[in-house]
Amino acid sequence: MGAGKTLKTEAIVLRSIRYSEADRILHLYTAKRGRVGAIAKGARRPKSRFGGRLEPFFRLDLLLHEGRGELLTVTQANTVDGYPHLRSSGPGLSAGARACDAVLRLLDSAEPNPPAYNLLCRYLALLDESSGDAPASLATALSFRLKLTLAAGFSPELASCTRCGEADHLVGFSGAAGGVVCAACEAGSFPLSEDAHRFMVEAIAKPLAEAPVAGDAELRQVERAVGETLEHHAHVQLRAAA
């Protein structure tokens with residue numbers, strides 16, 4: 001294969017694209033290198049050594065050859081977890097796709113981010129453990145987004161007014177300002193209820209499996225707060241959470 005380095009790492013397949021007659025291009029989120037692109041040559045041949053494991057949501061142990069091109073080359077792939085129950089659930093597939101899409105849009109650095117990698121693995125595992133409509137839980141999906149926003153360095157300010165520092169009477173949220181605002185500074189913000197604010201604080205603090213409870217109206221406020229924060233500060237637009 002010529003000169004070059006070999007990278008051994010765990011990775012989640014975020015996206016898998018057919019390429020040429022028999023290959024696949026992969027968008028990977030890796031434990032050791034952050035987000036990378038790779039090519040798996042011959043992966044679509046019937047007797048490929050990769051089998052069907054180079055599909056989205058697979059958690060893999062990979063050997064990647066790093067040559068001169070932008071894409072690394074997959075030379076070996078072993079399954080760590082295929083999340084089979086997730087794959088047999090329509091809501092699970094949709095939730096997993098939205099999570100991988102969020103990672104793809106928000107984390108484009110080729111630098112390791114262990115909190116982000118571990119969070120994605122945990123969320124896919126939770127979806128795999130769930131059944132019925134549970135994988136589509138908006139509360140869990142938004143808890144994942146809030147934690148991912150924190151891991152990416154764009155977490156909104158929730159402790160005090162982003163504009164004046166007031167810790168009380170927090171009544172609104174400003175994506176442009178990057179957090180909650182008080183009654184005196186609410187111009188240009190949208191209303192954020194006390195329950196929505198509480199949800200955001202608890203979702204960041206609690207384990208993903210213990211996502212707090214909130215009503216649909218409050219969760220929509222949370223989704224808007226996360227979305228506007230990322231639009232203004234990360235220049236990223238995410239798909240609807242559910």
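The values are calculated or read from the model by the stated rules, or taken from the named source; none is laboratory data. If you're wondering where the values come from, they're calculated on a predicted model, not measured in any experiment. We place every Cβ from the backbone using ideal geometry, glycine too, and count neighbours over all the protein chains shown.
Scan region 215-224 and give yes if some residue there is more than 20 Å from Leu120 (Cα to Cα), touching a residue at least 60 places away in the same chain (Cβ under 8 Å), out of contact with any Gly (no Cβ under 9 Å at 6 or more places or on another chain) and of a type in the set (D, E, K, R), otherwise no.
Yes, region 215-224 has at least one match.
Counting only residues that are among the charged types (D, E, K, R) and either modelled with pLDDT under 90 or within 23 Å of Leu7 (Cα to Cα) (or both), how many does region 97-128 have? So that I can check it myself, show each step before the final result.
First, the residues of region 97-128 that are among the charged types (D, E, K, R): 98, 101, 105, 108, 111, 122, 128.
Still in the running and either modelled with pLDDT under 90 or within 23 Å of Leu7 (Cα to Cα) (or both): 108, 111.
Qualifying residue count, region 97-128: 2.
Table: residues versus (1) without any contact (Cβ under 8 Å) to a residue 12 or more places away in the chain; (2) part of a loop (DSSP other than H, G, I, E, B); (3) farther than 26 Å from Leu238 by Cα.
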position	(1), (2), (3)
Ala11	no, no, no
Tyr29	no, no, no
Lys32	no, yes, no
Asp61	no, no, yes
Val74	no, no, yes
Ala77	no, no, yes
Asp101	no, no, no
Asp108	no, yes, no
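Can Asp168 be described as in a helix (DSSP H, G or I), acidic (Asp, Glu) and not assigned by TED's automatic domain parsing to the domain that holds Leu28?
So Asp168 does not fit the description; no.
Based on this model, can you work out whether Val180 counts as buried (at least 18 other Cβ atoms within 10 Å of the Cβ) and either among the aromatic types (Phe, Trp, Tyr) or not in a helix (DSSP H, G or I) (or both)?
So Val180 passes the test.
Can you go through Ala22, Ala38 and tell me which one is over 24 Å from Leu124 (Cβ atoms), outside the structural domain of Ala102 (by TED's automatic domain parsing) and among the small types (Gly, Ala, Ser)?
On the way: Ala38 fails: over 24 Å from Leu124 (Cβ atoms).
Selected residue: Ala22, the only one of Ala22, Ala38 that is over 24 Å from Leu124 (Cβ atoms), outside the structural domain of Ala102 (by TED's automatic domain parsing) and among the small types (Gly, Ala, Ser).
How many of the residues making up region 183-195 are crowded, with 22+ Cβ neighbours inside 10 Å and assigned to a helix (DSSP H, G or I)?
Selection size over region 183-195: 0.
Test of understanding: among Glu70, Glu55, which residue is assigned to a loop (DSSP other than H, G, I, E, B), modelled with pLDDT under 95 and loosely packed, with under 14 Cβ neighbours inside 10 Å? Steps first, please.
On the way: Glu55 fails: loosely packed, with under 14 Cβ neighbours inside 10 Å.
Result: Glu70 is the single residue among Glu70, Glu55 that is assigned to a loop (DSSP other than H, G, I, E, B), modelled with pLDDT under 95 and loosely packed, with under 14 Cβ neighbours inside 10 Å.
Return the only residue of Arg24, Arg15, Arg49 being closer than 23 Å to Val226 by Cβ and not in a helix (DSSP H, G or I).
Arg15
Mind counting the residues in region 198-213 that are assigned to a loop (DSSP other than H, G, I, E, B), in contact (Cβ under 8 Å) with a residue 24 or more places away in the chain and either outside the structural domain of Glu129 (by TED's automatic domain parsing) or loosely packed, with under 15 Cβ neighbours inside 10 Å (or both)?
Total meeting the criteria: 2.
Counting only residues that are among the hydrophobic types (A, V, I, L, M, F, W, C) and part of a helix (DSSP H, G or I), which one in region 214-227 is farthest from the chain's Cα centre (by Cα)?
Ala217
Among Leu120, Leu86, Leu106, which is the only one that is on the phi < 0 side of the Ramachandran plot, surrounded by 18 or more Cβ atoms within 10 Å (Cβ to Cβ) and in contact with a strand residue (DSSP E or B) (Cβ under 9 Å, 6 or more places away or on another chain)? So that I can check it myself, show each step before the final result.
Values: Leu86 fails: in contact with a strand residue (DSSP E or B) (Cβ under 9 Å, 6 or more places away or on another chain); Leu106 fails: in contact with a strand residue (DSSP E or B) (Cβ under 9 Å, 6 or more places away or on another chain).
Going through Leu120, Leu86, Leu106 in turn, just one is on the phi < 0 side of the Ramachandran plot, surrounded by 18 or more Cβ atoms within 10 Å (Cβ to Cβ) and in contact with a strand residue (DSSP E or B) (Cβ under 9 Å, 6 or more places away or on another chain): Leu120.
If you go through region 152-164 one residue at a time, do you hit one that is of a type in the set (A, V, I, L, M, F, W, C), farther than 27 Å from Thr229 by Cβ and crowded, with 21+ Cβ neighbours inside 10 Å? Write out each step before concluding.
Within region 152-164, the subset of a type in the set (A, V, I, L, M, F, W, C) is 152, 154, 158-159, 161, 164.
This time we only want the ones that are farther than 27 Å from Thr229 by Cβ, so: none.
Within region 152-164, none of the residues are of a type in the set (A, V, I, L, M, F, W, C), farther than 27 Å from Thr229 by Cβ and crowded, with 21+ Cβ neighbours inside 10 Å.
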